[in-house]
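S.K.: There's a structure below that I have some questions on.
The values are calculated or read from the model by the stated rules, or taken from the named source; none is laboratory data. It should be emphasised that the depicted structure is a prediction, and the values quoted were computed from it without experimental measurement. Here the Cβ positions follow ideal geometry from the backbone for every residue, glycine too, while neighbour counts run over all protein chains shown. For accessibility, only protein heavy atoms count, side chains too; no ligands or nucleic acids. Shrake-Rupley method; radii C 1.70, N 1.55, O 1.52, S 1.80 Å.
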Amino acid sequence: MTFDQDFTLTIDGRPVSGDAAFDVLNPATEAVVAQAPDASRAQLDAAVAAARKAFPAWAATPIAERKAKILALAAAIGQNAEALKRLLTAEQGKPHADALMDVMGGAAWLQGAAALDLPETVNEDTPERRSITRHVPIGVVGAIAPWNFPVLLAMFKLGPALLAGNTVVLKPSPFTPLTTLKIGELARDILPPGVLNVVSGGDDLGPWMTSHPGIDKISFTGSTQTGRKVMESAASSLKRITLELGGNDAAIVLPDVDVETVAEQLFWAAFRNTGQICIATKRMYVHKDVYEPLKAALVAYAATVKVGDGAEQGTQLGPIQNKRQYERVLDLIRDCRDKGYAFLIGGETSPAPGYFVPVTILDNPPEDSRIVQEEQFGPVLPLLKVESVDEAVERANASDYGLGGSVWSADPDKALDIGARLQTGTVWINETQYLTPMASFAGHGQSGLGVENGLEGLLEYTVPQTIVVKKRSVPA
Ligand code: NAD
């Protein structure tokens with residue numbers, strides 16, 4: 001199997017060329033990496049039909065066998081991790097080390113899902129009657145993934161969907177389809193035909209999926225704006241939906257922190273993956289007592305970080321993944337400049353090829369500025385000075401988003417009390433972005449609907465079924 005060419009859809013366990021093709025660009029060079037198949041509506045119909053045909057047998061397959069297949073897919077991803085990593089860097093832009101984490105994280109998430117079990121609740125067990133509630137698969141799941149963690153976030157969906165007994169039509173982002181197409185190819189030798197279908201395509205493909213009568217559930221990760229469209233479109237056929245959407249995570253830094261220790265960690269909380277993480281720190285509220293020293297330490301560290309082509313050794317941050325997002329980030333920087341906000345570092349761009357934005361930190365822009373209120377999803381961080389912890393909590397919570405948040409302090413108990421006041425799906429103390437396949441991950445407010453990961457995430461791929469058995473008639 002080659003990893004740099006021959007990209008095909010996976011439909012009913014077979015390779016299928018697209019009815020058309022589109023270019024996938026390397027964001028570091030803007031050169032074409034490869035062409036990806038552009039699935040037509042008829043090809044989506046074929047993928048959905050294959051998934052529907054495969055569903056009864058897969059749902060009836062003992063869960064232990066389904067787990068074994070999921071683990072085999074994890075192993076195949078692991079065995080091909082080096083090649084997948086290079087391909088992912090070429091299409092996504094992230095440094096090789098981060099691409100490897102994305103790929104291996106995907107394998108680990110499949111393994112994590114395979115360690116879960118579907119519970120059964122005994123509601124009643126009397127001489128007259130036995131009533132149990134079990135969780136049965138929904139049918140065909142349409143999984144729609146974004147471009148920031150193409151492998152990991154697709155596997156967030158694939159593992160639990162398959163474990164629960166559903167079949168899947170998986171659609172990667174048109175900006176990063178290649179690695180996912182190759183994972184589909186690996187799966188052809190492992191999963192029964194039709195259990196996993198992988199389709200790539202243009203902007204029409206997602207809406208075709210969300211309105212497709214043959215798809216029973218949509219699991220979507222992407223922006224809040226698109227999430228609203230998904231919900232609207234799914235309403236016509238009352239599809240089940242899980243939406244993992246945008247965030248504007250705040251970090252709250254208390255005055256007791258050891259500045260030198262936390263500066264580097266806080267830097268990466270905001271800038272890892274070039275800031276393109278739903279749970280990146282996007283606003284940093286720093287107590288006035290440590291604002292100046294932390295500012296200096298952050299800027300000093302930022303100046304040492306190497307931004308460049310993810311395929312070059314030593315690169316720590318790659319480019320913005322695509323032109324649309326690049327222009328959005330440049331627009332936010334322009335807005336900061338136009339309004340006269342102070343830049344501590346960065347802010348300048350170069351006309352050279354590649355969607356590169358330097359590490360950019362802003363010095364205490366106003367709370368109502370766009371860079372504070374909007375999700376930047378890029379390497380631009382507003383550093384914000386607060387007079388008190390209460391002020392920080394109030395400002396952190398004054399957001400439509402509610403994905404994650406963190407509190408940083410030398411006193412974890414005190415930090416925990418403050419963290420408990422954050423209105424977000426995940427709260428971290430003295431770290432960020434730690435997720436596991438065993439713990440639920442959900443967005444509050446406009447950051448999502450439903451849950452991924454953990455038992456609760458698994459149950460989102462099921463519908464409850466209560467079975468009541470009358471044992472003998474009871475005299476009136
Ligand atoms: P996006 O919403 O533009 O696209 C996400 C996916 O949806 C892509 O596959 C895209 O092709 C597809 N899509 C686009 N329009 C569609 C439509 N009308 N119907 C159905 N599908 C459609 O998001 P993006 O730019 O790829 O990703 C960045 C966003 O994702 C950020 O807002 C980020 O915070 C969010 N995100 C959230 C999480 C989370 O778990 N909460 C994780 C990663 C990224």
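S.K.: Being in contact (Cβ under 8 Å) with a residue 60 or more places away in the chain, within 28 Å of residue 7 (Cβ to Cβ) and surrounded by fewer than 20 Cβ atoms within 10 Å (Cβ to Cβ): is that true of residue 108 here?
M.R.: Yes; evaluated as a whole, the condition is true for this residue.
S.K.: Need pairs with beta-carbon distance below 7 Å; first residue farther than 15 Å from residue 19 by Cα and touching a residue at least 60 places away in the same chain (Cβ under 8 Å) and within region 201-212, second more than 6 Å from the ligand (Cβ to nearest atom) and assigned to a loop (DSSP other than H, G, I, E, B); sequence gap 6+ or separate chains.
M.R.: Close Cβ pairs (under 7 Å, with a partner that is more than 6 Å from the ligand (Cβ to nearest atom) and assigned to a loop (DSSP other than H, G, I, E, B)) amount to 209/215.
S.K.: Quick one: how many residues across region 145-169 are of a type outside the set (A, V, I, L, M, F, W, C) and either at pLDDT below 95 or near the ligand (Cβ under 10 Å from one of its atoms) (or both)?
M.R.: Total satisfying the criteria: 3.
S.K.: Of everything in region 174-195, what is more than 22 Å from residue 118 (Cβ to Cβ) and open to solvent by 10 Å² or more (accessible area, probe 1.4 Å)? Give them in sequence order.
M.R.: Correct list: 174, 175, 185, 186, 188, 189, 193.
S.K.: Mind listing whichever residues of region 60-86 are crowded, with 21+ Cβ neighbours inside 10 Å and among the small types (Gly, Ala, Ser)?
M.R.: Across region 60-86, the qualifying residue is only 74.
S.K.: Could you check region 237-268 and list, in sequence order, the residues that are open to solvent by 50 Å² or more (accessible area, probe 1.4 Å), in contact (Cβ under 8 Å) with a residue 60 or more places away in the chain, of a type outside the set (Lys, Arg) and not in a helix (DSSP H, G or I)? Don't jump to the end; show me each part of the working.
M.R.: The first filter runs over region 237-268 and keeps only residues open to solvent by 50 Å² or more (accessible area, probe 1.4 Å), leaving 237-238, 240, 255-256, 258, 260-261, 264-265.
If we keep only those that are in contact (Cβ under 8 Å) with a residue 60 or more places away in the chain too, we end up with 240, 256, 258, 265.
From the residues that got through so far, the ones that are of a type outside the set (Lys, Arg) too are 256, 258, 265.
Passing the criteria: 256, 258.
S.K.: Could you run through region 200-233 and say how many residues are under 20 Å from the mean Cα position of the chain (by Cα), within 18 Å of residue 138 (Cβ to Cβ) and more than 6 Å from the ligand (Cβ to nearest atom)?
M.R.: Residues flagged as under 20 Å from the mean Cα position of the chain (by Cα), within 18 Å of residue 138 (Cβ to Cβ) and more than 6 Å from the ligand (Cβ to nearest atom) within region 200-233 amount to 6.
S.K.: Residue by residue through region 269-288, note down the ones that are open to solvent by 50 Å² or more (accessible area, probe 1.4 Å) and either touching a Leu at 6+ places or on another chain (Cβ under 9 Å) or in a loop (DSSP other than H, G, I, E, B) (or both).
M.R.: Across region 269-288, the qualifying residue is only 272.
S.K.: Among the candidates 121, 89, which residue alone is surrounded by fewer than 18 Cβ atoms within 10 Å (Cβ to Cβ) and either modelled with pLDDT under 95 or over 20 Å from residue 215 (Cβ atoms) (or both)? Before the answer, list the steps.
M.R.: Numbers: 89 fails: surrounded by fewer than 18 Cβ atoms within 10 Å (Cβ to Cβ).
Within the list 121, 89, the selection yields 121.
S.K.: Turning to a different aspect of this structure: When you scan region 196-215, how many residues do you find that are in a loop (DSSP other than H, G, I, E, B) and open to solvent by less than 40 Å² (accessible area, probe 1.4 Å)?
M.R.: 7
Yes or no, residue by residue, for (1) at pLDDT 95 or above; (2) in contact with a helix residue (DSSP H, G or I) (Cβ under 7 Å, 6 or more places away or on another chain); (3) surrounded by fewer than 21 Cβ atoms within 10 Å (Cβ to Cβ); (4) part of a loop (DSSP other than H, G, I, E, B):
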residue	(1), (2), (3), (4)
333	yes, no, no, no
349	no, yes, yes, yes
355	yes, yes, no, yes
358	yes, no, yes, yes
368	yes, no, yes, yes
381	yes, yes, no, no
396	yes, no, no, no
407	yes, yes, no, no
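S.K.: With the requirement that a residue be under 25 Å from the mean Cα position of the chain (by Cα) and among the hydrophobic types (A, V, I, L, M, F, W, C), what does region 33-64 give you?
M.R.: 33, 34, 36, 39, 44, 47, 48, 51
S.K.: It is to be established whether one or more residues within region 294-313 are within 21 Å of residue 247 (Cα to Cα) and modelled with pLDDT of 95 or more.
M.R.: Step one: filter region 294-313 for residues within 21 Å of residue 247 (Cα to Cα), giving none.
Within region 294-313, none of the residues are within 21 Å of residue 247 (Cα to Cα) and modelled with pLDDT of 95 or more.
S.K.: Related question: Could you please give the count of residues in region 303-331 that are open to solvent by less than 10 Å² (accessible area, probe 1.4 Å) and part of a helix (DSSP H, G or I)?
M.R.: Number of matching residues: 1.
S.K.: Tally up the residues in region 446-459 that are more than 12 Å from the ligand (Cβ to nearest atom) and open to solvent by 10 Å² or more (accessible area, probe 1.4 Å), please.
M.R.: Adding up the residues that qualify gives 3.
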